[in-house]
Amino acid sequence: MLVAPFASQLPFVEETLHSSYQALQWGKNIFAIAHKTLSARLLNTVFPTEERTQPLSPELQAWLKERYEALLQQDWQDAAAGFYPATLLFDAPWEEFLRFYPLLLLDLPQMWQRARSRQFQEFAHNVRLEDYPQYYRQNFHYQTDGYLSDTSANLYDIQVELLFGGTADAMRRRVIAPIAQQVVAHPPTPPLRILDVACGTGRTLKQLRYAFPGAVLFGLDLSPAYLRKANALLATQTGALPQLIQGNAESLPYVDSYFSAITCVFLFHELPAPVRQNVIHECARVLQPGGIFVICDSIQSLDSPEQRPMMENFANLFHEPFYRNYIEDDLNLRLEKAGLVVKEVQHHFMSKYWVAVKPS
Ligand SMILES: C[S@@+](CC[C@H](N)C(=O)[O-])C[C@H]1O[C@@H](n2cnc3c(N)ncnc32)[C@H](O)[C@@H]1O
């Protein structure tokens with residue numbers, strides 16, 4: 001169900017809200033730039049000879065700025081159109097950031113050391129690695145404990161926000177409008193069931209919960225620590241809690257044709273190619289005929305080779321073993337192979353979106 005649009009009801013309030021939203025986003029962006037500058041200086045002091053990134057051309061920087069502004073505009077417009085409440089635009093875990101940012105700074109030297117010595121399989125001793133697929137037993141981003149500790153779960157959202165200049169949720173929210181439009185065009189038999197695959201710390205579920213207050217929500221992830229974090233986040237909202245479950249997206253623990261909509265945000269670039277196909281097949285299996293599957297992940301070099309230096313920088317700085325393969329991978333073909341029909345492909349800032357439906 002959509003919320004009442006607020007556009008043009010009170011022009012002054014609307015203008016003030018819009019300016020506040022832009023100011024907030026610029027504030028986040030400036031903080032992220034300050035953080036990146038500070039950490040680059042520290043890194044150069046500790047390891048002066050390392051040079052792992054290439055500078056971005058002025059054209060690429062202009063492209064980034066344009067895409068950043070277009071994302072904020074789209075985010076604003078979708079709230080104004082009633083796809084989600086405007087309050088979501090201002091939602092940010094400030095208290096968490098204040099609490100955990102110092103920890104993140106303290107953790108940086110360990111991450112650099114890991115990156116320097118190419119160590120990417122360091123975990124706490126009490127983690128039962130055999131419970132997880134081989135491709136998952138890695139310190140993605142060189143982050144301490146990979147995805148397998150509460151410390152990692154506490155630092156993850158801040159790291160993503162800093163990486164994307166404060167736009168992570170704005171990019172996640174782009175999965176909402178396609179679902180709302182599909183639900184209007186092809187109303188599912190109630191209840192509206194939405195699954196977020198690889199839900200991580202629950203940020204996408206939180207956005208979906210505001211956008212579809214009548215929906216029954218589900219979240220699945222391999223990491224128990226990230227699910228605990230998601231549970232804590234979602235418990236702060238009123239209403240029925242999403243049903244969170246630990247599981248592998250390659251074998252979803254749900255019956256066939258169960259969900260009206262499935263989302264999957266920032267997972268595919270962290271999977272080997274055959275696993276990407278397995279996950280897509282599983283999502284197609286548990287999706288109802290007429291249901292919609294929305295993937296949000298990194299932009300790809302197959303669309304825009306001129307942005308490749310930026311993608312190379314990402315792959316070089318962070319441990320992302322499957323990213324170079326992902327940026328060349330044709331997910332349209334994979335979705336079609338699983339019997340889905342790709343309705344639309346969108347791009348917003350640093351992300352690409354595949355909107356696919358299961359034929360009725
Ligand atoms: C980059 S994070 C994205 C998390 C979240 N969707 C977000 O928007 O921040 C990748 C997530 O995928 C999860 N993951 C990786 N492989 C998985 C698999 N095979 N099955 C389920 N979850 C998986 C990780 O535990 C992690 O939470």
inquiry  = Quick check on Thr45: is it more than 24 Å from Asp157 (Cα to Cα), of a type outside the set (A, V, I, L, M) and at pLDDT below 90?
reply    = yes
request  = Name every residue in the range 122-144 that is out of contact with any Gly (no Cβ under 8 Å at 6 or more places or on another chain) and in contact (Cβ under 8 Å) with a residue 40 or more places away in the chain, in order of residue number.
outcome  = Tyr132, Pro133, Tyr135, His141, Tyr142
remark   = Among helices (runs of 4 or more DSSP H) completely within the range 121-186, the ones holding 2 or more residues that are within 20 Å of Ala232 (Cα to Cα) and away from the ligand (no atom under 12 Å from the Cβ) are 150-163
task = Report, ordered by the first and then the second residue, all pairs with beta carbons closer than 6 Å, sequence separation of six or more or different chains, a first member in the range 230-256 that is under 21 Å from Gln288 (Cβ atoms) and part of a loop (DSSP other than H, G, I, E, B), and a second member that is within 13 Å of the ligand (Cβ to nearest atom) and among the polar types (S, T, N, Q).
result = Glu250/Asn278
query = With Thr201, Thr167 as the choices, which residue is among the polar types (S, T, N, Q), touching a Lys or Arg at 6+ places or on another chain (Cβ under 6 Å), buried (at least 22 other Cβ atoms within 10 Å of the Cβ) and within 30 Å of Leu103 (Cβ to Cβ)?
reply = Thr201
request  = Name every residue in the range 195-214 that is touching a residue at least 40 places away in the same chain (Cβ under 8 Å), more than 13 Å from the ligand (Cβ to nearest atom) and either closer than 20 Å to Arg174 by Cβ or touching a Leu at 6+ places or on another chain (Cβ under 6 Å) (or both), in order of residue number.
outcome  = Tyr210, Ala211, Phe212, Pro213
key: Residue list for the range 288-331, restricted to those being aromatic (Phe, Trp, Tyr) and either within 30 Å of Leu192 (Cα to Cα) or not in a helix (DSSP H, G or I) (or both)   = Phe293, Phe318, Phe322
request  = Take Phe83 and decide whether it is at pLDDT 95 or above and in a loop (DSSP other than H, G, I, E, B).
outcome  = yes
query = For the range 259-287, how many residues meet the condition of being assigned to a helix (DSSP H, G or I) and either over 26 Å from Thr167 (Cβ atoms) or of a type in the set (Val, Ile, Thr) (or both)?
reply = 12
key: Residue count for the range 53-87, restricted to those that are charged (D, E, K, R), within 21 Å of Ile30 (Cα to Cα) and touching a residue at least 60 places away in the same chain (Cβ under 8 Å)   = 3
request  = Mind telling me which of the residues Leu287, Leu244, Leu227 ends up being buried (at least 19 other Cβ atoms within 10 Å of the Cβ) and away from the ligand (no atom under 15 Å from the Cβ)?
outcome  = Leu287
message = I'd like the residue in the range 76-122 that is of a type in the set (Phe, Trp, Tyr) and over 30 Å from Gln181 (Cα atoms) and, out of all such residues, is surrounded by the fewest Cβ atoms within 10 Å (Cβ to Cβ).
response = Trp94
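One line per residue, one yes/no per condition, for (1) acidic (Asp, Glu); (2) modelled with pLDDT under 95; (3) under 26 Å from Ser260 (Cα atoms):
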{"site": "Glu270", "(1), (2), (3)": "yes, no, yes"}
{"site": "Cys283", "(1), (2), (3)": "no, no, yes"}
{"site": "Asp303", "(1), (2), (3)": "yes, yes, no"}
{"site": "Asn313", "(1), (2), (3)": "no, yes, no"}
{"site": "Phe318", "(1), (2), (3)": "no, yes, no"}
{"site": "Val341", "(1), (2), (3)": "no, no, yes"}
{"site": "His348", "(1), (2), (3)": "no, no, yes"}
{"site": "Ser351", "(1), (2), (3)": "no, no, yes"}
remark   = Among Pro191, Pro109, Pro102, the single one that is modelled with pLDDT of 95 or more and either away from the ligand (no atom under 16 Å from the Cβ) or not hydroxyl-bearing (Ser, Thr, Tyr) (or both) is Pro191
key: Conditions (1) over 20 Å from Leu163 (Cβ atoms); (2) of a type outside the set (Phe, Trp, Tyr); (3) buried (at least 16 other Cβ atoms within 10 Å of the Cβ): number failed by Leu43   = (1)
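If you check Tyr147, Tyr156, Tyr135, which single one turns out to be surrounded by fewer than 17 Cβ atoms within 10 Å (Cβ to Cβ), hydroxyl-bearing (Ser, Thr, Tyr) and more than 16 Å from Ile262 (Cα to Cα)?
Tyr135
The values are calculated or read from the model by the stated rules, or taken from the named source; none is laboratory data. On a predicted model such as this, the values are computed, not experimentally measured, just so you know. So basically every Cβ, Gly included, is an ideal-geometry build from the backbone, and we count neighbours across all protein chains shown.
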